[in-house]
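Note sheet for the following structure.
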Amino acid sequence: MSCPVPLSNTSAESRVATWLSAALIVAAAFAAYANSLRVPFIFDDHAGILENQTIRNLGDLGQVLAPPRNGSGVAGRPLVNLSLALNHAIGGTAVTGYHVANILLHALAGLALFGTVRRTLLRPMLRARFGGVARPIALASALLWVLHPLQTESVTCVIQRTELIVGVFYLTLFYCYLRAAEGGSACWTALAIAASFAGMASKEVMVTAPFLLLLHDRTFVAGSFAEAWRRRRGLYLGLGASLGLLVLLVLGGGGTRGEAAGFGVGVAWWEYALKQCEAILLYLKLTVWPHPLVLYYGTDVVKDPLQVWPHILGLGALVVGTLVALWRWPVLGFLGMWTLGILAPSSSVVPLVSQTVSEHRMYLPLAAPMVFGVAALFAAIGRRAFIVTAVATVAWGVVSVRRNTDYRSELAIWTDTVAKAPNNARARNNLGDALVLAGRSAEALAEFQAALRLEPNSAEARYNIGTILLNAGRPADAIPFLAETIRLKPNFARAHNNLGSSLLQTGRLREGIEQLQAALKLQPDIPEAHCNLARAALDLGDPAGALGHAERALAVKPGMALAHFHRASAFLNLGDPARAIPELEAAVRSQPDYAEALSNLGSLLYQAGRPAEAIPRYEAALKYRPNSADTFSNLASALFQVGRVEEAIVAYRAALRVQPDSLPAITNLALVLSRVGRTAEAIEAHEALLRLKPDDERARAELARLRAQPATAAPPR
């Protein structure tokens, strides 16, 4: 049998039109998402990127292609991890590069969709009806898909590039197979197989691609499954081999993605399936009317079918209608299977417990409704459909731009999410975290408490409440929350650390050390636990042990201010203040607002006979902790030593305003006033000193001496 004649028009005019269409798709993607370039890492980005050690060294390809099995977005997805490692190699954790890559991937997927739709419409069974408008339909479909607001989560949340990458390879597979079917060289078949392998290494939803491709072949190209197999046996064998790669990746993770997905992760398959009846109909509603869009819907499942019986009936009708259409109206049947089939791995019976409903799951399935809507519009009103699709494209682009502004900060996106889903406990926890980072601890505590009311057995909410109480200087109040957290989640390493810290601060050293050791047994690289053990060692009189723990903390987190501070304390306890000074300097370089380190550094410099260097450290400490009487008093002493007497007197008085019973401040103020001859003020100061310390004979003698001489007028102040 002779090779079929290629179906596409290869004239220069056609090529120019195709290139212009491609340029428009790319430009539209970047225009819609330009305001996402500075969106910070949010939500699952933290585990998948910021805490992902396997992307730190691109040269260690073995590590890069073995992402952590921690339930994050990269688990079992080596090509996604590789893309993140490339971003990290180019720009570290600077977020803009990651967003540029996401937009580019989205644009590439749009191009592949454009090519696939156009070549499908030029197949013999559709060419008579749509051949003349194949390019406009394909372009409008791709633009609507690229700009649809429902895609914003996939593009704007960096870790959701899992959808983008699998989308690129999924659609490229279809495009390459169509090129091969048109009589292209064997390289198109090879590229199709390569795309399938790459997709399998990107996301599990790629499992549906070989089956949908076979259905596409039967519907649009070969005419039957048997003929499709006869013509392209090599292609389908290659696709079958790629399924083997996915099986290996899934089995390599024990059949689950950490604690995030799979059977045996605490959720019954039928409860999850009932929830998906709601989810799929919600996705279809958002396809038509994309509002409200919600970043995180929570982990709810449905335990009673009667709760969702209308959704069961609605979804059942869609499934039955699609199956009937596959037999009676194959084109409509294929479009239905595209949406329902691609959703099936995540929206059927396999529980994804970290999120039971997620808008990003509609990334690829959304293509079929877009193509159907545009093709139906062109069939109904002809070329006037250009105007309607142009208006819809612009409108959706504007809505997407607006939606991206909700992602401008973690505080903004979680405020938006809680406003739309107020009964979502995890969203409230995440809003609380964002409020903590914004310095709004009281509001954060209210959100954590609301989360606990919504989900009384939430270990996360209890941990957050305990942590915020600990950070607020209320360790005794924090202990019951953190202890209950560990009861609910025994392997929560950071809860052990924070409980240990709380116990240390309430004087329960041995119990605190046990908790800190438990934290490090679970997660050896927690620098805060090493710092807490350093503090405990200092309290137990073991400065050498404190040095060891501080050094281990610095090995994990170089430049950690608290670790340098504990090293300084250890050196002081070892009688080596000269080595403590550079440690405190390192601490304040790392954390310029570290008031205690600044104050201690000032004191060491003063004691070393360097009062002029001590003064700016004390002043900086008071900038961040203005109510420290000791720091004011120490600053005054340093000022007096360098001859700045009036400023010293002012500083001593400031110390006494903060703490009227500060013995060092009143003692030194009385001494300075006596020395400079301000007799009346000196008498007043000595009287105040004797009220605080009645048995101070030196003060009593000095007061008698002052009273025996004529008073001097105080200079103006």
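The values are calculated or read from the model by the stated rules, or taken from the named source; none is laboratory data. Keep in mind that this is a model prediction, so the values were computed, not measured. Reconstructed Cβ throughout: ideal geometry from the backbone, glycine too, with neighbour counts over all protein chains shown.
What's the number of the condition LEU340 fails, among (1) in a helix (DSSP H, G or I); (2) touching a residue at least 40 places away in the same chain (Cβ under 8 Å); (3) within 19 Å of ARG119 (Cα to Cα)?
Here LEU340 meets the rest and fails (3).
All but one of (1) under 23 Å from SER502 (Cβ atoms); (2) assigned by TED's automatic domain parsing to the domain that holds GLN641 hold for PRO611, so report the exception by its number.
(1)
Can you tell me how many residues within segment 80-96 are farther than 15 Å from GLN63 by Cβ and surrounded by fewer than 17 Cβ atoms within 10 Å (Cβ to Cβ)?
6
For segment 323-337, give me each residue that is farther than 16 Å from VAL205 by Cα and either touching a Phe, Trp or Tyr at 6+ places or on another chain (Cβ under 9 Å) or touching a residue at least 24 places away in the same chain (Cβ under 8 Å) (or both).
Kept after step one, since they are farther than 16 Å from VAL205 by Cα, are these residues of segment 323-337: 323-336.
Result: ALA325, LEU326, PRO330, VAL331, LEU332, GLY333, PHE334, LEU335, GLY336.
Mind checking which residues of segment 421-456 are of a type in the set (Lys, Arg) and surrounded by fewer than 17 Cβ atoms within 10 Å (Cβ to Cβ)?
Once the filter is applied, which keeps residues that are of a type in the set (Lys, Arg) and surrounded by fewer than 17 Cβ atoms within 10 Å (Cβ to Cβ), segment 421-456 yields ARG440, ARG453.
Could you check, for segment 343-350, whether at least one of its residues is part of a helix (DSSP H, G or I), under 30 Å from ASP44 (Cβ atoms) and touching a helix residue (DSSP H, G or I) at 6+ places or on another chain (Cβ under 8 Å)? Steps first, answer last, please.
Restricting attention to segment 343-350, the residues satisfying the condition of being part of a helix (DSSP H, G or I) are 343.
Now restrict to residues that are under 30 Å from ASP44 (Cβ atoms): 343.
Restricting the remaining residues to those that are touching a helix residue (DSSP H, G or I) at 6+ places or on another chain (Cβ under 8 Å) gives 343.
Looking for residues that are part of a helix (DSSP H, G or I), under 30 Å from ASP44 (Cβ atoms) and touching a helix residue (DSSP H, G or I) at 6+ places or on another chain (Cβ under 8 Å), one finds at least one in segment 343-350, hence yes.
Going by the conditions given, is GLY71 of a type in the set (Gly, Ala, Ser) and exposed (fewer than 14 other Cβ atoms within 10 Å of the Cβ)? Don't jump to the end; show me each part of the working.
Values: of a type in the set (Gly, Ala, Ser): yes; exposed (fewer than 14 other Cβ atoms within 10 Å of the Cβ): no.
The answer is no for GLY71.
Working only within segment 175-204, note down all residues that are under 23 Å from ALA101 (Cβ atoms) and in a helix (DSSP H, G or I).
The initial filter retains those residues of segment 175-204 that are under 23 Å from ALA101 (Cβ atoms), namely 175-176, 191, 194-204.
Matches in segment 175-204: TYR175, CYS176, LEU191, ALA194, ALA195, SER196, PHE197, ALA198, GLY199, MET200, GLU204.
What are the residues in segment 641-692 that are under 24 Å from ARG705 (Cα atoms), touching a Phe, Trp or Tyr at 6+ places or on another chain (Cβ under 8 Å) and polar (S, T, N, Q), if any?
Matches in segment 641-692: ASN668 only.
With segment 57-154 as the region, which helices (runs of 4 or more DSSP H) entirely inside it contain at least 2 residues that are touching a residue at least 24 places away in the same chain (Cβ under 8 Å)?
Working: elements: 61-64, 78-91, 95-121, 124-130, 134-147.
The helices (runs of 4 or more DSSP H) meeting that bar are 78-91, 95-121, 124-130, 134-147.
So which helices (runs of 4 or more DSSP H) are wholly in segment 573-681 and hold at least 1 residues that are among the β-branched types (Val, Ile, Thr) and within 21 Å of LEU703 (Cβ to Cβ)? Talk me through it step by step, then tell me what you get.
On the way: elements: 577-590, 595-607, 611-624, 629-641, 645-658, 663-675.
Helices (runs of 4 or more DSSP H) meeting the threshold: 645-658, 663-675.
Please tell me if LEU364 is in the same structural domain as PHE334 (by TED's automatic domain parsing), modelled with pLDDT of 95 or more, within 25 Å of the chain's Cα centre (by Cα) and crowded, with 21+ Cβ neighbours inside 10 Å.
yes
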